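The values are calculated or read from the model by the stated rules, or taken from the named source; none is laboratory data. Computed from a prediction, not measured in an experiment: that's the story for all the values here. Backbone-built Cβ (ideal geometry, glycine too); neighbour counts: all protein chains shown.
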Amino acid sequence: MKTNGMSNKLFRLITCTLLLHLLSITPFSHADDKPLIVGSEQDYPPFALGLTDATADGFTVELWRAVAAESHLNSTIRVLPFHDILQEFKAGNIDVLINLAQSDERRQFADFTVPHVIVHGAVFVRTGERRIHSEADLNDKKIIVLNADLAHDYAVSRSWGNQLVLVDNAETGFQLLASGQHDALLLSELTGKQTLEKLKLSDIDAVPIKVDFAQKFSFAVRKGNAELLAKINEGLALTKVSGVYDKLYEKWFGVYEEKALLPFLLKYLTPIISFFLLVMALIFYRRSIERKQAMQVIKENQLALAAAHADLLQFTHVAAHHLQEPTRRVVTFAQHLHAQLLDSPALNEEIMSSLDFIQQSALRQRALVRDIQLYLSAIKPLATAEQVSVRNTLAKVLKHHAPLIRKTHARIDYSDLPRVHIDPLRLYDIFNILLDNALHYRHPERALHIHISAERKAGRVYYRIADNGIGIPSDCHERVFLVFASQ
């Protein structure tokens, strides 16, 4: 562990401890052989591509497959126009929508995961259009929108309902606009720009005005299906921890931003290439603007990711808190039922075994929830950082575990352990958790030996704890250590 960025390292260590605990519990798997029907709309780049089930692709399609794999969910993807797929979902023929923007109206029939992407809306017009400079200018214009899209709902809320021209996908809408029909198209900015690039339409532009709607795209389940929603949220969190989410985001969004840069530069630099001095000045100017824009994009992405992380963290806090009560009740009622049946003539070994199984399962669940709460609390400091004697802290931990150390005849040795600037309670937690793990998962056929050492390197101190216990099975290494791969 490093003395710099200690909270992050503690978060890793306690994550590892929690995963080790999870490995000792039978993993959850999706028991229902009937696959979930998962709805994806036709051609809504970069989120959804393809017109048939077999050609389904795009950011949310790939993200869903990763989430389903993490949560052991069996599913099949169905591709339809957005309006049709939304109706199928409402009718109960589709279990999950993988790209539904959140709104108050939609919360009447759907429950949403935390957002996986947040994008803003835009107004697209033909190049040279001079009549539209603000949202107010759309009041008497013919506006193209995707049927049942959030932009459709937003337009209706602005009393533009009688002016709307409904289409099934973005390509159809842009082709209508490019052919000279209607005045504007209202759509998410990112989807609009990617569709324009795909269709090679150079005579349509986004109007530089603020549109007062943003789309928080999420996975959605039918209202009240809390169990499935929790499984999907869990899978989504795991894709973020493993780095899969970041890779998919870079693949589907970062690539587009990179491609868009070259045409932008050529458009402005080519006409004045013969004026050498002016070109050089313009290059420096454009680079300055681009750096600012890039920094702004990075900042927006960081804010979006921070918001998504906060949503996930809040969800986990709430879930862990509320899981404690039903778990406690299961334990209490199992014990109560056990006591009631002790004098019953119908009591037999099978019934007692079932009751014991229920009680032990509930106790394991309660321990797991406690571990989750410990996992969440690791990112918050317990005390003010100060210069701490690591040897003194370790001595307190060894005293705490002295009975078990004597019982197991464990040998613990350590060399020079330099003082560090750290939260002392967190330092105690680290050694306490790691030693407890080593003592409980010792090898049954050899005496336990634990060695603790330290190394100074590049202004930091690295501590290592090694033991000769049972270790982690090789087929579990990826599951345990993948969480650290991107750090």
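For this structure, a couple of remarks:
- Only one of Glu105, Glu88, Glu129, Glu70 that is of a type in the set (Asp, Glu), under 20 Å from the mean Cα position of the chain (by Cα) and surrounded by fewer than 20 Cβ atoms within 10 Å (Cβ to Cβ): Glu70
- Flag if Ala395 is of a type in the set (Gly, Ala, Ser), modelled with pLDDT of 90 or more and assigned to a loop (DSSP other than H, G, I, E, B): no
- Hits in region 400-446 - residues which are part of a loop (DSSP other than H, G, I, E, B), under 19 Å from Asn468 (Cα atoms) and of a type in the set (A, V, I, L, M, F, W, C): Ala410
- Taking the listed residues Gln194, Gln215, the one that is part of a helix (DSSP H, G or I) and either at pLDDT 65 or above or exposed (fewer than 14 other Cβ atoms within 10 Å of the Cβ) (or both) is Gln194, with no other qualifying.
- Residues that are closer than 11 Å to Val38 by Cα, among the basic types (Lys, Arg) and assigned to a helix (DSSP H, G or I) within region 64-93 comprise just one, Arg65.
- Check on Asn468, at pLDDT 85 or above and either among the aliphatic types (A, V, I, L, M) or farther than 30 Å from Thr239 by Cβ (or both): yes
- Here Lys210 does not qualify as modelled with pLDDT under 90 and part of a strand (DSSP E or B).
- When Glu171, Glu250 are screened for being free of Cβ contacts under 8 Å to residues at least 12 places away in the same chain, of a type in the set (Asp, Glu) and out of contact with any Phe, Trp or Tyr (no Cβ under 8 Å at 6 or more places or on another chain), only Glu250 passes.
- Lone qualifier among Glu129, Glu105 - being closer than 17 Å to Leu187 by Cβ and charged (D, E, K, R): Glu129
- Residue, modelled with the highest pLDDT, within region 116-148, restricted to residues that are under 19 Å from Gln194 (Cβ atoms) and assigned to a loop (DSSP other than H, G, I, E, B): Thr127
- One residue from Val221, Val165 being touching a residue at least 40 places away in the same chain (Cβ under 8 Å) and either surrounded by 20 or more Cβ atoms within 10 Å (Cβ to Cβ) or in a strand (DSSP E or B) (or both): Val221
Rundown of residues vs (1) surrounded by fewer than 15 Cβ atoms within 10 Å (Cβ to Cβ); (2) closer than 19 Å to Val388 by Cα, yes/no style:
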position: Pro418; (1), (2): yes, yes
position: Leu425; (1), (2): yes, yes
position: Ile430; (1), (2): no, yes
position: Ala438; (1), (2): no, no
